[in-house]
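In what follows, a single structure is set out as structure tokens and then discussed.
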Amino acid sequence: MTRLRRPSPQTIAVLQALAEEPTTWRYGYELCQMLDVKAGSMYPILIRLADRGLLETAWEAEPPPGRPARHLYRLTREGIATAETASATATDAAPAATERKGLRVRWEGV
């Protein structure tokens, strides 16, 4: 039996950030900066979301000379639906939990 778990506040923040422009490819580092989440937390979240079919992943096609290719992420259709559901659930559970400043998301009291 598979246990359903409620996504963490950081996972919800990642889904929301990606849902703002769901067709845009994003770098993990870019998401770290946007959400003020450390890489040690961000990349496991991205890997889990990709493993669950919520993210599409690809390698950068033409990296600048002298820099290795970076991994890119964007939401799948299922990921967009999950982001909407998770966002609504988080808002219902704690309406004052989010504070948005541009593209930056902070979670407090969740």
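Order these peptides, 36-44, 23-31, 60-68, 73-81, by their mean beta-carbon neighbour count within 10 angstrom, highest first. Write down the numbers at each step before the final one.
Working: 36-44: 13.4, 23-31: 15.1, 60-68: 8.0, 73-81: 17.1.
Those peptides, ordered most packed to least, come out 73-81, 23-31, 36-44, 60-68.
Over the stretch 1-80, what is the relative contact order in percent, taking alpha-carbon pairs closer than 8 angstrom and at least six residues apart? The partial results should precede the final answer.
Numbers: 87 pairs, mean separation 26.5, N = 80.
Across the stretch 1-80, relative contact order equals 33 percent.
No lab work stands behind these numbers, since they all come straight from the coordinates. This one's a predicted model, so the numbers in the text were calculated from it and none came from an experiment. Methodologically, a virtual Cβ is constructed for each residue, glycine included, from the backbone with ideal geometry; neighbour enumeration extends over all protein chains shown.
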